[in-house]
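This is the structure I want to talk about, given as structure tokens.
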Amino acid sequence: MTTPLILISGYLGAGKTTLLKHILTTSKTKIAILMNEFGDVGIDTETIRGKNVAIKELLEGCVCCSLQGEFEAGVNEIIETYYPDLILVETTGIAEADNLVVGIDQDMKSIELKSVVTLVDADVMTRFPDITGSTKIQIQTADLLIINKIDLVKDTTEITKKLQELNSTATIIETDHAKVDLKTILNT
């Protein structure tokens with residue numbers, strides 16, 4: 001039996017933690033969260049802690065490269081101690097999810113990768129439209145692209161067009177404050 005896993009990516013400030021908080025407050029599913037913080041202190045973890053959820057932190061590195069072994073160990077620990085119905089993984093803002101997807105598919109038989117979700121900040125995309133580096137890879141790897149913070153922009157047409165050019169197969173939805181239903185994510 002495998003445990004479903006959803007990988008949540010997006011650059012710093014795009015709304016990953018806000019999405020996690022929204023899912024935790026609106027879902028009755030038994031969820032475990034694996035949070036990857038790049039520094040040595042888990043800042044975002046404290047905003048989620050105490051909501052009847054198991055949380056495991058991976059600090060001081062990125063799960064897509066330097067912490068791959070720690071990621072697998074963390075997932076196995078969560079499964080063995082908490083028995084979740086679903087694992088949500090929040091990557092760092094610089095994570096390149098494609099490496100992690102390959103590692104999950106090839107090496108981790110205890111989980112089933114359900115989807116890769118990438119959050120995109122509509123305001124940042126409007127002000128800084130060039131997409132390069134990790135952000136480009138996050139968008140290209142996604143099954144679901146969430147254009148977040150649409151309340152801060154007048155129009156998302158150009159953003160949607162750019163996202164479709166980089167990833168023509170991903171589902172694209174728009175939201176503000178990362179208000180996306182878990183069922184929508186699971187059905188992607």
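Identify the residues of region 102-119 with backbone N under 19 Å of a label point that sits 7 angstrom from the Cα of Asn76 along the Cα-to-Cβ direction, or state none.
102-113
Are there trypsin sites (Lys or Arg not before Pro) in region 96-155 that DSSP marks as loop and that have at most 12 other Cβ atoms within 10 Å, and which are they? Please list the in-between numbers first.
Numbers: sites: Lys109, Lys114, Arg127, Lys136, Lys149, Lys154; in loops: Lys109, Lys149, Lys154.
Taking region 96-155 and a limit of 12 other Cβ atoms within 10 Å, the loop trypsin sites (Lys or Arg not before Pro) found are Lys109, Lys154.
Take the residue pairs Lys161/Lys183; Lys109/Lys149; Lys28/Lys161; Lys154/Lys179 and return only those whose Cα atoms are more than 30 Å apart.
Correct reply: Lys109/Lys149; Lys28/Lys161.
Another question, then. Whole-Hz ³J(HN,Hα) for each residue in region 113-120, computed from phi via Karplus 6.51 cos²θ - 1.76 cosθ + 1.60 with θ = phi - 60°, x for glycine and proline: what do you get?
After applying 6.51 cos²θ - 1.76 cosθ + 1.60, I find 6, 7, 6, 10, 10, 10, 8, 10 Hz.
Taking the Cα centre of region 104-188 as origin, work out the dipole magnitude from +1 charges on Lys and Arg Cβ and -1 charges on Asp and Glu Cβ, in debye rounded to 20.
Around 20 debye, computed over region 104-188.
Quick note: the coordinates plus some simple rules give every number you see, no bench work behind them. As the structure is a prediction and not an experimental result, all values here were calculated from the model. Using ideal geometry, Cβ is built from the backbone for each residue, glycine included, and neighbour counts are taken over all protein chains shown.
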